[in-house]
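Trainee: Here it is: the structure, laid out below.
The values are calculated or read from the model by the stated rules, or taken from the named source; none is laboratory data. Computed from a prediction, not measured in an experiment: that's the story for all the values here. With ideal geometry, Cβ positions are generated from the backbone for all residues, glycine too; neighbour counts draw on all protein chains shown. These area figures cover heavy atoms from the full protein model, side chains too; ligands, DNA and RNA do not enter into them. Shrake-Rupley method; radii C 1.70, N 1.55, O 1.52, S 1.80 Å.
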2 protein chains.
Amino acid sequence: MSDKPTRARAPRNTLNPELIVTTALALMEAQGLEAFSVRSLAKELGVGPMALYTYFRSKDELFDAVRDHLLGARRLSAARGPWQEQVRTIATGLRQLLLEHPCLLRILASRPLKGQETAAATETLVRALREAGFSKENAARAHTMLFTFVLGAALWESQMNAEKQDREGRRRLRATMESLSAADYPTVVDLADELSRTSGGDAQFDFGLNALIAGLEPLLN
Amino acid sequence: MSDKPTRARAPRNTLNPELIVTTALALMEAQGLEAFSVRSLAKELGVGPMALYTYFRSKDELFDAVRDHLLGARRLSAARGPWQEQVRTIATGLRQLLLEHPCLLRILASRPLKGQETAAATETLVRALREAGFSKENAARAHTMLFTFVLGAALWESQMNAEKQDREGRRRLRATMESLSAADYPTVVDLADELSRTSGGDAQFDFGLNALIAGLEPLLN
DNA sequence: ACCTGAACACCGTTCAAGT
DNA sequence: ACCTGAACACCGTTCAAGT
């Protein structure tokens, strides 16, 4: 008679940090970071919402754990070689990781990094720069510039791709371009196609990365 | 006798788009974008939450309006001059705007831009590049690279600055650096000071911007 | 046209309590 | 130690209704 939709009490040790993190990640990938909630995660795991607080003190701490999980899973450091190659390998790898996991991108874009999560990649990159002859200061600056460039490029690409996913978004983008007056913005109108193509893609990323690397080379003299 | 805390009915035309947008902006600046809510905005304006839906179809549309308001308020385009100067002026101006308005930064980092909001700045920049001799394709790519670089750099800087605001955040950052094993990450440990200084600041931004500009110059031959 | 309250279907998190 | 339900103080938005 008691067909009240009440869950059976979950047995002890149903949960553990890994299970929570991987399930959270799966939910985030499936429905987007904004749709993710502690309560939906608890439901997916078959426990009450408060069960999770034994393992994580807050939702933010859970985000950090998901981020560290993703950053730790992939080796971003590269084989030895000229510094330009090391830069290219690490930057490309990071971009790939971020595009494969939009939720990681959004977490990085909303919370600070403490540093140890990416220490291996930083070590490879910064060592390559130092061995190539960059000063301590320039090596550190180049490293951070690289990172912020990849972050911004991937963030923009991911956002614009999402907008282009549905036909309504594509319509909005096209409508905006067509609404621009050729009298006020002649060059923008002339470059409409080219500008729209630069909102993402490997070619755009490589263009930026190459310019950045080329711009660092003079610092070696 | 009816001292129930009930608001007087707001007179007609208490609201208008500008008032809503500027009040929303003030709230976002005061308490942060994440703390901002439609309900808190309504309370601040002395109306019921639903009154706002006469002017904006959703919270997202309100975000877009705040973004457009901020982008429209500042002239980002520059006086004529060599393309390197134009690039520098526009990039620096955009960074400044983003750092002054962290909520604008967060909106840009979470929603796509349609384009007309920044058309004036884009026009100036892209025209300068075309007149300097860049191809259509390269001018467009350079423009977007610049934009994504500024976005990433400002986003990171703003986030790390926030973390450094409270002593707890500073402690976390320091603790992480000190926890890194010098055996595993010798170069990172050696560059700890330099790396920590690159998390923001004018010098770091100029370093990146200069490298970027220098990296574009070879494309003119 | 412009503003209203009530209601719906959610949130994250605190607290005291069960096992 | 690990999981629970109830409760608190919120959300954004729909709906039908007032003026």
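Trainee: For peptide B:199-206, compute the average count of partner chain beta-carbon atoms within 10 Å of each residue's beta-carbon.
Mentor: If you average over the peptide's residues, the count of other-chain Cβ atoms is 2.
Trainee: Compute the relative contact order of the stretch B:79-220 as a whole-number percentage, counting only Cα pairs closer than 8 Å that sit 6 or more residues apart in sequence.
Mentor: Here the relative contact order equals 29 percent.
Trainee: Within a Cβ distance under 11 Å of A:E194, other residues only, what is the Lys/Arg minus Asp/Glu net charge?
Mentor: Once positives and negatives cancel, what remains is +1.
Trainee: Quick one: net charge of A:P49's neighbours, Cβ under 12 Å, K/R +1, D/E -1?
Mentor: Neighbourhood net charge equals +3.
Trainee: Name the residues of the stretch B:100-118 whose accessible area falls by at least 40 Å² when all protein chains are present instead of the chain alone, probe 1.4 Å?
Mentor: B:A109, B:P112, B:L113, B:K114, B:Q116
Trainee: How many Cβ atoms of partner chains, on average, are near each residue of A:135-142 if near means within 10 Å of its Cβ?
Mentor: 6
Trainee: Give the residue from B:I90, B:F56, B:L104 lying farthest towards the positive end of the charge dipole for chain B; charges sit on Cβ (+1 for Lys and Arg, -1 for Asp and Glu) and the dipole is referred to the Cα centre.
Mentor: My answer, from the dipole projection, is B:F56.
Trainee: With labels modelled as points extended 7 Å from the Cα through the Cβ direction, what inter-label distance (nm, one decimal) is found for A:R197 paired with B:L220?
Mentor: About 2.4 nm, to one decimal.
Trainee: Now a separate question. Can you compute 3J(HN,Hα) from phi for each residue in the stretch B:142-157, using the Karplus curve 6.51 cos²θ - 1.76 cosθ + 1.60 with θ = phi - 60°, rounded to whole Hz and x for Gly and Pro?
Mentor: Along the stretch B:142-157, the couplings run 4, 4, 5, 4, 4, 4, 5, 5, 4, 4, x, 5, 5, 4, 5, 4 Hz.
Trainee: How many nanometers, to one decimal and shortest first, lie between the label point of B:E137 and those of its other copies, if labels sit 7 Å from Cα toward Cβ?
Mentor: So the distances to the same position in the other copies read 3.9 nm.
Trainee: Can you pull the mean other chain C-beta count within 10 Å for peptide A:120-129?
Mentor: The mean count of partner-chain Cβ atoms within 10 Å per residue comes to 4.
Trainee: So the label point sits 7 Å from Cα along the Cα-to-Cβ vector; using that for A:D206, what distances do you get to the other copies, in nanometres, sorted shortest first?
Mentor: 3.4
Trainee: Another question about this same structure. Run the reach check for B:K114 against lysines, Cα to Cα strictly under 23 Å, same-chain hits fewer than 8 apart removed. What comes back?
Mentor: Once the sequence-local lysines are set aside, what remains near B:K114 is A:K164, B:K59, B:K136.
Trainee: Report in % the part of the accessible area of chain A that belongs to carbon and sulfur, leaving out ligands and nucleic acids; probe 1.4 Å.
Mentor: It is 50 percent, rounded to a whole number.
Trainee: Still on this structure, I have one more. I'd like to check one number: the per residue accessible area of the protein assembly as shown, probe 1.4 Å, reported in Å² as a whole number.
Mentor: Spelled out: the 1.4 Å probe surface of the protein assembly as shown, per residue, equals 50 Å².
Trainee: If you bin every alpha carbon distance in the stretch A:79-220 into 10 Å steps from zero, what whole percent lands in each bin?
Mentor: 10, 34, 29, 17, 9, 0
Trainee: Using a 10 Å cut-off on Cβ atoms, rank the peptides B:205-214, B:71-80, B:175-184 from the highest mean neighbour count down. Write out the running numbers ahead of the final one.
Mentor: Values: B:205-214: 21.2, B:71-80: 14.1, B:175-184: 12.2.
The densest-packed peptide leads the list: B:205-214, B:71-80, B:175-184.
Trainee: Using mean Cβ contacts within 10 Å as the protection proxy, how do A:155-168, B:140-153 order, highest first?
Mentor: Per-residue Cβ counts within 10 Å, averaged per peptide and sorted highest first, yield B:140-153, A:155-168.
Trainee: In whole angstrom, note down how far apart the Cα centers of the stretch A:78-124 and the stretch B:64-88 are.
Mentor: The distance from the Cα centre of the stretch A:78-124 to that of the stretch B:64-88 comes to 30 Å.
Trainee: Give me the distance between the Cα centres of the stretch B:161-219 and the stretch A:166-221, rounded to whole Å.
Mentor: Answer, in whole Å: 29.
Trainee: At 37 °C and 0.692 mPa s, what whole-number value in µm²/s does Stokes-Einstein give for the translational diffusion of the protein assembly as shown, with Rh from the Kirkwood sum over Cα pairs?
Mentor: 137 µm²/s
Trainee: Next question, about the same structure. Mind grabbing the interface size between B and A? I mean buried accessible area, both sides, 1.4 Å probe, in Å² to the nearest hundred.
Mentor: Its buried surface, counting both partners, is about 5400 Å².
Trainee: Moving on to the next point. Work through the residues other than A:L180 whose Cβ is under 12 Å from its Cβ and net out their charges, Lys, Arg +1 and Asp, Glu -1.
Mentor: Around A:L180, the charge tally is -3.
Trainee: So what's the back-of-envelope 222 nm ellipticity for the protein assembly as shown, counting only DSSP H runs of four-plus at -39500 (n - 2.57) apiece and dividing by all residues, rounded to 500?
Mentor: The per-residue figure over the protein assembly as shown is -21000 deg cm²/dmol.
Trainee: Sorted from shortest, what are the nm distances separating the label point of B:G46 from equivalent points in the other copies, each placed 7 Å from Cα along Cα to C-beta?
Mentor: Copy-to-copy label distances for B:G46: 5.6 nm.
Trainee: Starting from the residue with the highest accessible area, list A:Y55, A:Y185 in decreasing order, probe 1.4 Å. Kindly include the intermediate steps, with their values, before the conclusion.
Mentor: Details: A:Y55 75, A:Y185 55 Å².
Of A:Y55, A:Y185, the descending order of accessible area is A:Y55, A:Y185.
Trainee: While we're looking at this one, here's another question. Taking 0.36 nm per intervening residue step and subtracting the Cα-Cα distance, what contour gain separates A:Y55 from A:D190 on full extension?
Mentor: Value of the extension gain: 43.0 nm.
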